[in-house]
Amino acid sequence: MNALTENLEVIILAAGLGTRMKSATIKILHRAGGRPIIDYVLDLAREISARPPIMVIGHQREAVRKVVGERARYAVQNEQKGTGHAVLQAAALVEVGRHVLILSGDVPLTRPETLRRLLAEHERSQNALTLLTMKLDDPGLYGRVVRDATGAVTRIVEARDAPDDEERIDEVNAGIYVFDGKRLFDNLRNLSTHNVHGEYYLTDLLGVLRNAGMSVGAVIADDPIEALGVNSRADLASVEGEIQRRVIAKLMSEGVTFRNPATVVIDSTVAIGNDTVVYPFVTIEGKTTIGSRCVIEPGVHLTDVTAGNDVHLKTGTVAENADIGDEASVGPYAHLRPGTRLGRHVKIGNFVETKKAVFGEDAKASHLSYIGDAEVGADANIGAGTITCNYDGVSKNPTTIGKGVFVGSDTALVAPIRVGDGAYIAAGSTVTENIPADALGIARGRQINKPGWAAQRRREVAASKSKAAAKPPKRSRPRPRPKAANPRRKAAPARKGSKPARRR
Ligand code: UD1
Ligand code: MG
């Protein structure tokens, strides 16, 4: 840190609601890359200055405080009378003599290097104000940076207040400024509200300082995306896209392979080890950590998951709040719900759902099962279609399956229930009593075989068919039905000479 950054106060403007978002939620709490956008601005402030930033809050201040917590000091702007008025609210918290860096809470993509360049220029030129600008093909609603014939910055004009010739200017204000603190606050009170919005524009200060003979300068950001402000959902999508690109570029630089990065969504809070391969259409969210040499197949969706090394997550696997041990394999189409913990080399196969289930090393549930509120010992094998009946309509009950247990297919384990180490359960059992270690539990109806029954049935069926064939055929054209059938009347005798119906 140099003299300026040590002596730097950071103000983050965050009181505005952001009406163009058309949202019930203040714009700085909208999320991109899995975090509220204000988080990125707070990270930036922390990189640049050791002092906690001063956040100017107004709309939804309690919600904002809850998210930001101790990461900032707060100044309240009760009425949103403009960016100039917002900065004024922070005056009491700024120590005299400090330089002031002003960031917008809705501009999350600025890189620390860019701010350092801005600060260096401010220090070198001894400006009263140095601002960050960018050049845009479509300058939209950003404030236009007006320069004189010598190239010096003279003022900023807001898009809505700009005459046509100035509206065409392609250099715009990024909303990021470094001020000499004293000159900032001495002049803030001199702003007027003669503009389309009737607000105190911080941007008007540039003209005020210039007119008072002070020097003002600008640094142009190399990459305009760094100054993208989130004012609309379209802006939010652009910010999300850029965060995705940055997250994936960083992971690639750390040795992760993406087979089609454009289709993958990964939060900025995710860590992935080297030589892991991520297939297309994967979503990884929250505090997820994945080890090295893993394979993440298409359609996998992970939220707050920890996976070890050499893990194979197959197509369509969904996992939330789960721990997956080294060398485990999960899916295709498995659902690991919160509280699932898989030990080393566990296999969870297709259409298996787990919840609060702890699997010991090498345990397997390969097909079509629900294992909830359960402990499954090492080396146990859960047969296809096994269900833990963990819910009795009132509470959830535990199932404990010992080490090396073999659970036959289609077993229902009615919890609470314990199966001792090394036990076997016969397929199709509905287990309602504990099974001791090394025992065989059978809990199903006993099978009876009836010798010859099927052959006898076939003969009966054949006989009844030939009897039916011998019966007189039906008339080919239906006769009109009698109006009211008399049930007691005898059936009419068959007519002579009618031909048997032809079989089709
Ligand atoms: C502002 C600039 C514009 C610049 C753009 C860059 C002004 C007048 N205009 O426009 O030149 O190109 O940023 O993104 O400054 N805020 C408050 N209190 C208020 C008003 C705003 O705290 O009374 C906060 C907002 O929450 C936001 C920031 O200040 O975080 C900027 O305000 P916003 O309304 O987004 O201004 P822009 O129209 O984007
Ligand atoms: Mg804005």
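The values are calculated or read from the model by the stated rules, or taken from the named source; none is laboratory data. In this text, all values refer to a predicted model and were calculated from it rather than measured experimentally. Cβ sites come from the backbone with ideal geometry, for glycine too, and all protein chains shown count toward neighbours.
Within segment 136-153, how many residues are away from ligand 1 (no atom under 12 Å from the Cβ), in a strand (DSSP E or B) and either polar (S, T, N, Q) or surrounded by fewer than 19 Cβ atoms within 10 Å (Cβ to Cβ) (or both)? Spell out how you get there, then give the answer.
The first filter runs over segment 136-153 and keeps only residues away from ligand 1 (no atom under 12 Å from the Cβ), leaving 137-138, 147-153.
Those left that are additionally in a strand (DSSP E or B): 147, 153.
Subset that is either polar (S, T, N, Q) or surrounded by fewer than 19 Cβ atoms within 10 Å (Cβ to Cβ) (or both): 147.
Residues flagged as away from ligand 1 (no atom under 12 Å from the Cβ), in a strand (DSSP E or B) and either polar (S, T, N, Q) or surrounded by fewer than 19 Cβ atoms within 10 Å (Cβ to Cβ) (or both) within segment 136-153 amount to 1.
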TODO: Output yes when any residue across segment 154-172 is within 13 Å of ligand 1 (Cβ to nearest atom), closer than 22 Å to L44 by Cα and surrounded by fewer than 24 Cβ atoms within 10 Å (Cβ to Cβ), and no when none is.
DONE: yes
- [ ] Could you figure out which of (1) assigned to a loop (DSSP other than H, G, I, E, B); (2) touching a His at 6+ places or on another chain (Cβ under 8 Å) isn't true of P332?
- [x] (2)
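Within the group V68, V100, which residue is in contact with a strand residue (DSSP E or B) (Cβ under 6 Å, 6 or more places away or on another chain), aliphatic (A, V, I, L, M) and on the phi < 0 side of the Ramachandran plot? Don't jump to the end; show me each part of the working.
On the way: V68 fails: in contact with a strand residue (DSSP E or B) (Cβ under 6 Å, 6 or more places away or on another chain).
Matching residue, one of V68, V100: V100.
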- [ ] Using the structure shown, decide if T411 is in contact (Cβ under 8 Å) with a residue 12 or more places away in the chain, buried (at least 18 other Cβ atoms within 10 Å of the Cβ), of a type in the set (S, T, Y) and over 16 Å from V358 (Cβ atoms).
- [x] yes
TODO: Could you tell me whether segment 80-88 includes any residue that is part of a helix (DSSP H, G or I) and away from ligand 2 (no atom under 16 Å from the Cβ)?
DONE: yes
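Name every residue in segment 32-48 that is farther than 13 Å from V107 by Cα and within 17 Å of the chain's Cα centre (by Cα), in order of residue number.
Of segment 32-48, the ones farther than 13 Å from V107 by Cα are 33-35, 46-48.
Once the filter is applied, which keeps residues that are farther than 13 Å from V107 by Cα and within 17 Å of the chain's Cα centre (by Cα), segment 32-48 yields G33, G34, R35.
Restricting to segment 205-222, name every residue that is farther than 15 Å from Y142 by Cβ and touching a residue at least 60 places away in the same chain (Cβ under 8 Å). Give the derivation first.
Here is the first cut: in segment 205-222, the ones farther than 15 Å from Y142 by Cβ are 205, 207-217, 219, 222.
Hits for segment 205-222 are L205, L209, M214, S215, V216, G217, V219, D222.
Okay, residues lined up against (1) in contact (Cβ under 8 Å) with a residue 12 or more places away in the chain; (2) basic (K, R); (3) within 16 Å of ligand 2 (Cβ to nearest atom):
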position: R98; (1), (2), (3): yes, yes, no
position: V107; (1), (2), (3): yes, no, yes
position: L131; (1), (2), (3): yes, no, yes
position: D137; (1), (2), (3): yes, no, no
position: D148; (1), (2), (3): no, no, no
position: G151; (1), (2), (3): no, no, no
position: A162; (1), (2), (3): yes, no, no
position: D170; (1), (2), (3): yes, no, no
TODO: Of the conditions (1) within 16 Å of ligand 2 (Cβ to nearest atom); (2) over 28 Å from H30 (Cα atoms); (3) out of contact with any helix residue (DSSP H, G or I) (no Cβ under 8 Å at 6 or more places or on another chain), Y177 clears all except one; give me its number.
DONE: (2)
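With touching a Phe, Trp or Tyr at 6+ places or on another chain (Cβ under 6 Å) and either at positive phi or modelled with pLDDT of 95 or more (or both) as the only criterion, which of V330, V300, V346, V318 stands out? Give the steps one after another, and end with the answer.
On the way: V330 fails: touching a Phe, Trp or Tyr at 6+ places or on another chain (Cβ under 6 Å); V300 fails: touching a Phe, Trp or Tyr at 6+ places or on another chain (Cβ under 6 Å); V318 fails: touching a Phe, Trp or Tyr at 6+ places or on another chain (Cβ under 6 Å).
Going through V330, V300, V346, V318 in turn, the sole match is V346.
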